[in-house]
Structures are given as C-alpha cells and as structure tokens.
Amino acid sequence: MEFKNIIYKVEDNIATIQLNRPKALNALNSGINNDILAALELVKADRSIRVLIITGNEKAFAAGADIKEMCDATPSYARSFCSAAIDINNTLESLPIPTIAAVNGFALGGGCELALACDFRVAGYKSRFGLPEVSLGIIPGACGTQRLIPLVGLAKTREVVMLNTIIKGEEALAIGLVNRLVDDAEVYDEAVRLAKELMAKPALALAAAKTAINAGAYGTIEEGKKIECNEFALLFDTHDQKEGMKAMLENREPKFTNS
Ligand code: DAK
C-alpha cells in the first residue's frame, strides 16, 4: 500500500513505519495520523511481522502534533484529531509484538508521546525529547504525562511537563527514557539489531511479558500481579515453553517455533 505521509516497509519480519513529512519536521497532522493508523492495521494483519520500528528522518522523529492544524481548531475538531493520536499510541501499546522508536533529532509533544508508547527507544546523541505543550497553552493529550511517570518518575515528569525542560540524548539514557544511545547515523541500524535480538526470543513469551509489564506500569500493582500470574500459566500450553525448558536441561540451544 502506498502512503502519502509515511513510508511503510516489511523486511526480514521487521515492519518499519517511517514518518515522512520532512518539511514540517514530521509534525503529526490528520493525514499522517491516518496513514499511521492504516499501517498499524497492516501490521496487525500480518502474522509474519515480529517487531515494529517507528522512525523519522535525521532532523526529527516528530516535532509534535501539527500546530498549524490545531491552532484555530474548535473543541469538537480537537477531540476527533486527538482521538487519532490516542488510538495510535494505545494500539502500539497493545500490539502483541515488541515496538521500537528509533529517534533522531526532535521528539517533541505528540512525537515524544509516540516514542513513549513504544516498548523500546533507541536514540542518537543529537536527539531531543520534550513535552512543550504547556508553553502552547495546552497539556500533553495523548497520554504523555501518564507514560512518562513510570519511566522517569514524578520529579522528572514535572520538569518535562511543567517547566518544559528538553532532555538531550545523554540525559535521556541516564534517566531511563531511552534504552540505547548511539551515533546519530547508527540509530536505525541499532534498532534493527535490537529487533533481531528480540526475534531470537519466543514470540508468545514476549507478548505475555509485554502484557504483564504494561498492566503493572499503567494499572494497579494488584491487577498487574494477577495478569502476570495468568500470562505465566497460559505459556505452559505452548510448544516454546516445553522446548525452552527441555533445551536448558539437555544443554543445547532451543528451537523456538513461536507456537
Ligand atoms: N507543527 C507544525 N509545524 C511545525 C511543527 C509543529 N509541531 N514543528 C515544526 N514545524 C514546521 C515549522 O513551522 C517550519 O515550517 P515552515 O516555516 O518551514 O513552513 C518547519 O517545520 C521547520 O521548523 P523550524 O524552522 O521551526 O525548525 P527549527 O530547527 O528552527 O526549530 C523546533 C525546530 C522543533 C525547535 C521548532 O520547529 C519547534 O519548536 N516546533 C514546535 C515544537 C512543539 O511545540 N511541539 C509540540 C506541539 S503540541 C492530544 C494529542 C497530542 C497533542 C495534544 C493533544 N490529544 C489526544 C488531546 C500534542 C500536542 C503537541 O504536540
């Protein structure tokens, strides 16, 4: 499928959504949001895809929601525009495969929220993360405040949201906002390396781990504990649990079938 505002490809079981509005620093307008939503449907429908990478270009992952589109919006337009951003981020969070944001340059506002909704973030030294919405007279609306808290804690979240402090790559690594920091030219390749590491693991165990982690991060710990226990038990109905444990006992490499 051809898209106007993104480039979508699938290679070696890895899907990549590249945001592609370079002149606007990949600002997220309705057009690009709709393209991302449509691409996510393709990802959901293709069982061969094991990891999704979202990336931008060398100057920007995404500099936020499109301010030109939002500036004169009415509340009802804002609501429909907003629901697309929320849908995208919730879909990323609930996909049964790992997701990686490969971030060069600016990841601001809605762009930062998009990166936060991914399971992993790989960034370049020149990356810049921030939630500058308060300076525009609004607040983050695609769950940025909620996803930032479990990652970096309340004190840092208040700085980023209320003081609009911009976090540079090195600090982002230090505070746990990104998982890997590499030379700017290496960001996408590093994301692919990370994807391949993940693909060596059994897919059903990864999906269960994602469900349990997100339950604890965004729900109550009590709910998270129950969900973890349930996911744990269900995995004993899989080939890969038997194979993983037998391989360990037989001192050999496991042959996972993702079943
Ligand atoms: N929207 C629209 N256009 C943008 C943009 C944005 N967010 N960011 C950059 N651009 C455009 C610029 O207007 C410029 O366009 P032309 O003038 O060439 O036509 C072009 O991209 C290049 O930008 P600059 O010339 O400004 O480039 P610089 O390198 O000088 O500066 C910058 C880069 C990233 C520091 C600067 O562009 C900037 O401050 N951009 C705005 C960053 C920002 O405030 N982002 C947060 C936007 S608010 C919600 C969901 C989500 C949201 C809200 C609600 N709900 C579900 C409720 C999200 C809100 C936001 O993200």
Self-check item: Given 10 as the ceiling on other Cβ atoms within 10 Å, longest exposed-site-free region of the chain for GluC sites (Glu not before Pro) in DSSP loops
Solution: 3-249
Practice problem: Under a cut-off of 18 Å between alpha-carbon atoms, report the lysines in cross-link reach of K225, not counting same-chain residues fewer than 8 places apart. | Solution: K210
Quiz item: In segment 1-65, with Lys and Arg counted as +1 and Asp and Glu as -1 at Cβ, which of these residues, L42, F3, F61, has the Cα nearest the positive end of the dipole, that is, farthest along it?
Solution: F61
Quiz item: Normalised by the number of residues in segment 181-259, what is the relative contact order in percent for Cα pairs under 8 Å and 6+ residues apart?
Solution: 25
Self-check item: Mean residue ellipticity (222 nm) of the chain, computed from DSSP H runs ≥ 4 via -39,500 (n - 2.57), nearest 500
Solution: -15000 deg cm²/dmol
Quiz prompt | Sites E11 and F232 - FRET efficiency at Förster radius 35 Å, r taken between beta-carbons, to 0.05 | solution = 0.60
Exercise. Only Lys, Arg, Asp and Glu count, each charged at its Cβ (+1, +1, -1, -1), so figure out the dipole size of the chain about its Cα centre, rounded to 20 debye.
Key: 100
Quiz prompt | Of all accessible heavy-atom area on segment 37-127, the percent that carbon and sulfur account for (1.4 Å) | solution = 58
Self-check item: Length-normalised contact order of segment 113-259 in % [C-alpha pairs under 8 Å, at least 6 apart]
Solution: 22
Practice problem: Post the alpha-carbon centroid distance, segment 139-172 to segment 1-56, in whole angstrom. | Solution: 25
Quiz prompt | Cut-off under 5 Å, modelled amide H: who pairs with R128 long-range | solution = G105, F106, A107
Quiz item: Could you give the nm distance between label points at L37 and R193, where each point is 7 Å from its Cα heading toward the beta carbon?
Solution: 3.7
Quiz prompt | Cut-off 15 Å between beta-carbons: net charge of the residues surrounding L25, Lys and Arg +1, Asp and Glu -1 | solution = +3
Quiz prompt | Value in Å of the Kirkwood radius, where the chain supplies the Cα pairs that are averaged | solution = 19.0
Quiz prompt | Note, ³J(HN,Hα) from phi for segment 170-182, Karplus 6.51, -1.76, 1.60, rounded to Hz, x at Gly and Pro | solution = 5, 5, 4, 5, 4, 8, x, 6, 10, 8, 9, 10, 9
Exercise. Restricting to the chain, compute how many DSSP beta bridges are antiparallel as a %, nearest 5.
Key: 25
Quiz item: Measuring with a 1.4 Å probe in the full set of protein chains, what accessible area per residue, in whole Å², belongs to the chain?
Solution: 52
Quiz item: For the chain, modelled as a GNM with alpha-carbon contacts under 10 angstrom, which of M162, M245, M70 fluctuates the most?
Solution: M245
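The values are calculated or read from the model by the stated rules, or taken from the named source; none is laboratory data. No experiment lies behind these values; they were computed from the predicted model shown. Positions of Cβ are generated from backbone atoms using ideal geometry, with glycine treated the same way; all protein chains shown enter the neighbour counts. Protein only, heavy atoms only, side chains kept; ligands, DNA and RNA dropped before computing areas. Shrake-Rupley method; radii C 1.70, N 1.55, O 1.52, S 1.80 Å.
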